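First comes the structure, then the notes that go with it.
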Amino acid sequence: MEHHTLQGVIFDLDGTLLDSMGMWSEIDKRLLRHFDREAPADISEIIRKMSIEESSRYFVERFDLPCTPGAFSKLVSDMAAQAYLEELPLKPHAMELLDWLAEKNICCCVATANYEELAKAALKRLGVWERLAFLLTEQEAGAPKTDPRIFRMAAQRLQLGRRQIVVAEDSLHAVETAKAAGFFTAGVYDSVSDGDWAAMKATATVHVTDLWELREVF
């Protein structure tokens, strides 16, 4: 079976390793209230596939906000900072899985759409940082996860081939991108993305409702 060749994992951060997607849904609404704008019910769904730069530009242009996309992006980071520095927990069994992978000499990294400083702060606070080979952001890769560039760059840094790597993601669009690029994909359940779960199960190479189940693919 092909899964016996797996030697590395590219983890998403938010919604996969970190239980944070509910917070982001609330921040989208807070941001618009900050500017006395009303948030559409589907605002989080609309921007889910966008990079930080794309979503900042979208907010400023669609809602005619009195700031630049750069200033808006800074406001987003500031609003989320406390949660990443002090509050957000790991998803259940994330640490146990990382320790198990380390025992098996399976290398791991994180590829995220998040701000580098926020991701790094949470990973260090939660004791995950030293268990990772590196952190890679969409900003560094130069493209959102609708483009396979970030996964290919991570694979190069891991010095592994596409079929030697599990891309673990809670977002359907990221799984679709990684799968189309030839990676072994693992769909990870997150309640915020519950509406996509049926499609995730049909798309990903494997799917899990708990991270601990990922052991079964190695």
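In segment 206-218, of all residues being in a helix (DSSP H, G or I) and free of Cβ contacts under 8 Å to residues at least 40 places away in the same chain, the one that is surrounded by the fewest Cβ atoms within 10 Å (Cβ to Cβ) corresponds to E216.
Of the residues making up segment 191-205, those that are surrounded by 17 or more Cβ atoms within 10 Å (Cβ to Cβ) and among the hydrophobic types (A, V, I, L, M, F, W, C) are V192, W197, M200, A204. For segment 17-41, a tally of residues being surrounded by fewer than 15 Cβ atoms within 10 Å (Cβ to Cβ), within 28 Å of L90 (Cβ to Cβ) and free of Cβ contacts under 8 Å to residues at least 40 places away in the same chain returns 1. The single condition among (1) in a helix (DSSP H, G or I); (2) in contact (Cβ under 8 Å) with a residue 12 or more places away in the chain; (3) more than 17 Å from S193 (Cβ to Cβ) that P66 does not satisfy is (1). If we scan segment 159-181, do we find a residue that is in contact with a Ser or Thr (Cβ under 6 Å, 6 or more places away or on another chain) and either of a type in the set (G, A, S) or at positive phi (or both)? Yes, the conditions are met somewhere in segment 159-181. Taking segment 1-16 as the range and being under 20 Å from the mean Cα position of the chain (by Cα) and without any contact (Cβ under 8 Å) to a residue 40 or more places away in the chain as the test, no residue passes. Of all residues in segment 138-179, none satisfies the criterion of being touching a Pro at 6+ places or on another chain (Cβ under 7 Å) and surrounded by fewer than 16 Cβ atoms within 10 Å (Cβ to Cβ).
Look at (1) touching a residue at least 24 places away in the same chain (Cβ under 8 Å); (2) closer than 19 Å to S20 by Cβ and you find that Y189 fails only one, number (1).
Answer with yes or no whether L135 is surrounded by 13 or more Cβ atoms within 10 Å (Cβ to Cβ), under 15 Å from the mean Cα position of the chain (by Cα), more than 22 Å from G22 (Cα to Cα) and assigned by TED's automatic domain parsing to the domain that holds D210. Write out each step before concluding.
Details: surrounded by 13 or more Cβ atoms within 10 Å (Cβ to Cβ): yes; under 15 Å from the mean Cα position of the chain (by Cα): yes; more than 22 Å from G22 (Cα to Cα): yes; assigned by TED's automatic domain parsing to the domain that holds D210: yes.
Spelling it out, L135 is indeed surrounded by 13 or more Cβ atoms within 10 Å (Cβ to Cβ), under 15 Å from the mean Cα position of the chain (by Cα), more than 22 Å from G22 (Cα to Cα) and assigned by TED's automatic domain parsing to the domain that holds D210.
Scanning segment 140-182 for residues that are of a type in the set (S, T, Y) and touching a residue at least 60 places away in the same chain (Cβ under 8 Å), which turns out farthest from L17 (Cα to Cα)? That would be T146. Can you tell me which residue within segment 93-129, out of those that are touching a Leu at 6+ places or on another chain (Cβ under 7 Å) and in a loop (DSSP other than H, G, I, E, B), is nearest to G15 (Cα to Cα)? By that ranking, first place goes to N114.
Only a single criterion out of (1) of a type outside the set (F, W, Y); (2) within 17 Å of T137 (Cα to Cα); (3) crowded, with 20+ Cβ neighbours inside 10 Å is not satisfied by G8, namely (2). With respect to (1) closer than 27 Å to T209 by Cβ; (2) over 17 Å from the mean Cα position of the chain (by Cα); (3) without any contact (Cβ under 8 Å) to a residue 24 or more places away in the chain, the lone exception for K74 is condition (1).
The values are calculated or read from the model by the stated rules, or taken from the named source; none is laboratory data. Just so we're clear, the structure is a prediction, and the values are computed from it rather than from any experiment. Counting neighbours? That spans all protein chains shown, and the Cβs are built from the backbone with ideal geometry, glycine included.
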